[in-house]
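Heads up: the structure comes next, in structure tokens.
What follows is calculated from the coordinates using simple rules that are stated; it is not laboratory data. Not measured: the values here are computed from a predicted model. No Cβ is skipped: glycine too gets one built from the backbone with ideal geometry, and neighbour counts run over all protein chains shown.
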Amino acid sequence: MLQTKEITNREFIKMIEAASAFLDQNAEFINSLNVFPVPDGDTGTNMSLSLDSGLKYVNESSSTKVGELAEALAKGLLMGARGNSGVILSQIFRGFSKDVADKETLSATDLADAFAAGAQTAYKAVMKPTEGTVLTVVREAAKAARKTAAREDDIVAVMDATYKAADAALQTTPDLLPVLKQVGVVDSGGQGLTFVFQAFDDVLNGRETAQKGAHQPNPTEMDEMVDAEHHRSVQGKINPDDIVYGYCTEIMVRIGKGKQVDQKFDYDTFYDYLAKLGDSLLVVNDDEIVKVHVHTEHPGKVIAWGQEFGDLAKVKVDNMRLQQETIIEKDDEDAAKATPVATAETPAEAPETAIITIAAGQGMQTLFESLGATTVISGGQTMNPSTQDIVDAINDSHAKQAIIVPNNGNIFLAAEQAVKVVDIPAVIVHSKTISQGMTALLGFEPDHTLEENQSAMEDNLSTVKSGEVTHAIRDTQIDGFDIKKGNFMGLIDGKIAIVTDNVEEAAIQMVNKMIDDDSEIVTIIYGADTNQETAQHVEAAVEELDDELEVEVHEGDQPVYPFVISVE
């Protein structure tokens, strides 16, 4: 076994690079550990994007001191933190960085103490710490690190003990959190942190991490993964000249078929060559086909490489620079038509109070703006905004104060960190759903104080019942339901209440459970995966349930949920 007495800046950077790559490769696997079988499990994606941000800050630092690099990591993690899992990860390394602030290198004791400080900071960041989560994993890992460091000064031994204890604690999470045992999974956040420790351990032991244990999804998952990759890698109004790899290239190869086959397919060999040609690489395969998505400057080389393993069933190449030029031109044209130019005679007025909310879908954005939201951050269930996203929205508003309406419990911690960072007074209205968020906005009064508005808007949350219809992405048994992949589920205030094969039936049955004698208004918002005709069928059925109900139908364009329905 390798032995070492210290971690220098070189080892520390390698550890973060390896952890970032390992989380990225295993993100979909971590996502699959979501307790509910709905297509919005994003713990892995959130942790990966958060650590990517941390690595970016580390790479931008010129320091050779581990303490200063750890500070850069913590800052990057904080600003890039997405979802509760990303924020908790940021808090672990915030505590870590504070403990090593004055260190040029780390000894075994330094490393163990830093992990312990990270665990303590993470626990403090959560209002009601729950055992059987990532908190359990980091606490037990830190305990093992300190125990080992007390008897020997070998950093490799300390990291070995840290990783092994994290993995052991991870396996106990189903015993500590009954819902995990019910579904048969370990805690997703704990799994993500264990992967981080595994990558650290591999680096210090001189082992390769990048491909080890990486989850290889089925080819049928490719389209969703490609969409997510584009969301991550090409978003916003960026300069086309800043796109390093300009051709989005996708191929599908029938393994072993065709006249140009020169090699027997091996995943690692196939992947490693493509990894040198660009970024945003996804490679998935089964026994018959392999699918590739990569951003590159050499699409021809990607195509030729695929042909060495089989014939081409699909080829698609898009010039992303050209696409971005078109987007910018259209945005500029739309802005010129829709937005009056602020001049000395017509100054742009900033709102006294910015109301920042989070929702996905153009229709949702329009609905929230009609209710008084000054900024709608695009995101929510499938893409939680980062702390930086929320900070930017507040700063860009130029308001004197701000109210954040997250509409998702998984955004609360990121919102709390944003409130601490911005220079103006800001508060959070803890809406967990779109329905709660819309109802909260009805409580806003421009002439009230920030605290009065927060209180009134929070009070409104309890006046609405929230319903969401989505589909199951895997077979499972939970809350007394035997759920099959493809079933439609009706969730009432976050709990599964209906399981059926038909989306209309799921919506109707869900509303039937939501209404009572005091119900007056039912608001139906239909998403991107359904249509107005289906929504009208649901509307008619709801009116038959109770002809005194007032029923409203809106187009939300939201992903993931064909229907979002509120009852007030």
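Which number do you get for Rg(Cα) / (2.2 N^0.38 Å) in region 9-204?
Dividing the Cα radius of gyration by 2.2 N^0.38 Å gives 0.94.
Over all pairs of distinct alpha carbons, what does the Kirkwood formula give as the hydrodynamic radius of region 356-396, in Å?
10.3
Measure nothing fancy, just the Cα-based angle from helix 188-204's long axis to the longest principal axis of the chain, in degrees from 0 to 90, nearest 10.
Orientation of helix 188-204: about 20 degrees from the principal axis.
Give me the extension gain from E352 to D287: residue separation times 0.36 nm, minus the current Cα-Cα distance, reported in nm with one decimal.
Stretched fully, the E352-D287 segment lengthens by 17.4 nm.
Can you tell me the order of 425-434, 457-466 when each peptide is scored by its average per-residue count of other Cβ atoms within 10 angstrom, highest first? Mind dumping the intermediate values first?
Values: 425-434: 22.4, 457-466: 18.7.
Ranked by mean Cβ neighbours within 10 Å, highest first: 425-434, 457-466.
Mind listing P(r) for region 466-567? All alpha-carbon pairs, 10 Å bins, whole percents.
Taking every Cα pair in region 466-567, the percentages come to 17, 52, 27, 5.
Can you compute 3J(HN,Hα) from phi for each residue in region 287-301, using the Karplus curve 6.51 cos²θ - 1.76 cosθ + 1.60 with θ = phi - 60°, rounded to whole Hz and x for Gly and Pro?
So the Karplus estimates, Gly and Pro as x, are 6, 10, 9, 10, 10, 10, 10, 8, 9, 8, 9, 10, x, x, 5 Hz.
Which value, in debye to the nearest 20, gives the size of the charge dipole of the chain about its Cα centre, when Lys and Arg are +1 and Asp and Glu are -1 at the Cβ?
2820
For K513 and D262, FRET efficiency with R0 = 51 Å and r from the beta-carbon atoms, rounded to 0.05? Don't skip to the answer; put the middle values down first.
Working: r = 60 Å, r/R0 = 1.18.
For R0 = 51 Å, the calculated efficiency reads 0.25.
Radius of gyration and Dmax for the chain's Cα atoms, expressed in Å?
Over the chain's Cα set, Rg and Dmax evaluate to 25.1, 76 Å.
From the backbone phi of region 438-447, what are the Karplus-calculated ³J(HN,Hα) couplings (6.51 cos²θ - 1.76 cosθ + 1.60, θ = phi - 60°) in whole Hz, Gly and Pro given as x?
5, 5, 4, 4, 5, x, 6, 10, x, 8
Near the amide H of A528, under 5 Å away, which other amide H atoms are found, from residues 5 or more places off or on another chain, if H is placed in the peptide plane?
Answer set, sorted by chain and number: D557, Q558.
Could the peptides 266-273, 371-378 be put in order, highest first, of the mean number of other beta-carbon atoms found within 10 Å of their residues?
371-378, 266-273
Diagonalise the Cα gyration tensor of region 353-463 and give the resulting equivalent ellipsoid semi-axes, square root of 5 times each eigenvalue, largest first, whole Å. Mind dumping the intermediate values first?
Values: eigenvalues 59, 57, 34 Å².
Equivalent ellipsoid semi-axes, largest first: 17, 17, 13 Å.
Please compute the Kirkwood hydrodynamic radius of region 44-149 from all pairs of different C-alpha atoms, in Å with one decimal. Numbers along the way, then the final one.
Details: mean 1/r = 0.0731 Å⁻¹.
Taking the inverse mean of 1/r over all distinct Cα pairs, region 44-149 comes out at 13.7 Å.
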